[in-house]
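The values are calculated or read from the model by the stated rules, or taken from the named source; none is laboratory data. These numbers come from a predicted model, not from an experiment. Cβ placement follows ideal geometry from the backbone for every residue including glycine, while neighbour counts extend to all protein chains displayed.
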Amino acid sequence: MSPTMSSAMPPATTPLNPARIKQDFDTLGYVAPVRVMSADEAAECRRRLEDFERAHSDKLGLLDMKANLILPWIDRVTRLPSIHAALEPIIGSDLLVENVGFRSKAPDARTFVAWHQDTVYLKFEPVITTCWLALTPATVENGCLMVLPASHTWGDLPHKEARNSDSMLTRGHYIASEFDKTKALPMVLDAGEAVILHTAIAHASEPNRSQDRRIGMLIDFVPAWGKKLNGRESAMLVRGTDRWNHFDHEIPPEHDVGEAERARHRRAVERVVETFYAGSDRQPEALTGKARNVV
Ligand SMILES: O=C(O)CCC(=O)C(=O)O
């Protein structure tokens, strides 16, 4: 096992204290930066991701959703104490991972993410708490995440979906009403650092105008006492215990892209798709395996 994800991993090195984490999350809708792993360890994750991409070029889409069911090293990242320590002041220590996906943005000066709120499609109580972990540095030049501080208090704004756009978002969604973008903040991160997001926060990202790809690993957490409001789903218990039985439990992968792993991944994604893609005729990448934004 690599030092990155071994159980001998050093404890969390988040520079923020628990009270500050809670205060920032509640008032601003985000917490950053949180040091999750070293830059070398992030580079190792990138190498593993790119090994998968080379070996399975026809299956890249599988990593768009529930990627932690496909590759054991991804599951191990979701169990890092450094991430859980940053989440504990917000949602406690009984933690389920609802989703993991990669957001790799090609240096094509074109692909972007429009302003949106994840709560329009993710209906959970409390909200999903997202850890956006930088596997490469995230800079203004390469299209780092942008957030609008305190926009998680606005409620859900109306969204529309764009067809044939260069959006990285599976449904191409964007906020369709007027809103104040003047206070947008870039989430500049070193490789191995993360931003923790309230899913109602308005966020976006500009095209990548650098020479290298920008890679984010998005991990959605929900406390075990939390609930999906529109149906039942499966999720992975990664810390503590689940005394609430609001989710069916997923099984950690043992083999890279194994047959059993693929079957379990498919079943889990199908259940997400029932609500996440409701009313859409789009084909989820995580089911077809075909990635839309190939880097
Ligand atoms: O990685 C990015 O630039 C943004 C991704 C995002 O907002 C999302 O997947 O909801």
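Laid out as a table, the results:
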read-out	value
Some residue of region 250-268 being at pLDDT 95 or above and under 15 Å from the mean Cα position of the chain (by Cα)	no
Evaluation of Gly61 against (1) more than 13 Å from the ligand (Cβ to nearest atom); (2) assigned to a strand (DSSP E or B) (one fails), failing number	(2)
Residue that is nearest to Leu63 (Cα to Cα) [pool: residues in region 149-203 that are free of Cβ contacts under 8 Å to residues at least 60 places away in the same chain and in contact with a helix residue (DSSP H, G or I) (Cβ under 6 Å, 6 or more places away or on another chain)]	His159
Some residue of region 260-272 being assigned to a loop (DSSP other than H, G, I, E, B) and away from the ligand (no atom under 16 Å from the Cβ)	no
Condition broken by Val77, with the remaining ones in (1) within 13 Å of the ligand (Cβ to nearest atom); (2) outside any strand (DSSP E or B); (3) within 14 Å of the chain's Cα centre (by Cα); (4) touching a residue at least 60 places away in the same chain (Cβ under 8 Å) satisfied	(1)
Test: residue in region 213-224 that is part of a strand (DSSP E or B) and either more than 16 Å from the ligand (Cβ to nearest atom) or over 28 Å from Gly192 (Cα atoms) (or both)	yes
Test: residue in region 37-49 that is at pLDDT 95 or above and in a loop (DSSP other than H, G, I, E, B)	yes
Condition met for Leu69 (under 29 Å from Glu161 (Cα atoms), more than 15 Å from the ligand (Cβ to nearest atom) and at pLDDT 95 or above)	yes
Within region 156-186, tally of residues that are farther than 18 Å from Ala106 by Cα and in contact with a Pro (Cβ under 9 Å, 6 or more places away or on another chain)	6
Candidate set: region 104-132, residues that are surrounded by fewer than 23 Cβ atoms within 10 Å (Cβ to Cβ) and among the basic types (Lys, Arg); chosen: the one farthest from Ala162 (Cα to Cα)	Lys123
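Residue-by-condition table, conditions (1) surrounded by fewer than 20 Cβ atoms within 10 Å (Cβ to Cβ); (2) among the aliphatic types (A, V, I, L, M); (3) touching a residue at least 60 places away in the same chain (Cβ under 8 Å); (4) closer than 19 Å to Arg76 by Cβ:
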{"site": "Gly240", "(1), (2), (3), (4)": "yes, no, yes, yes"}
{"site": "Glu261", "(1), (2), (3), (4)": "no, no, yes, yes"}
{"site": "Thr275", "(1), (2), (3), (4)": "yes, no, yes, no"}
{"site": "Gly279", "(1), (2), (3), (4)": "yes, no, no, no"}
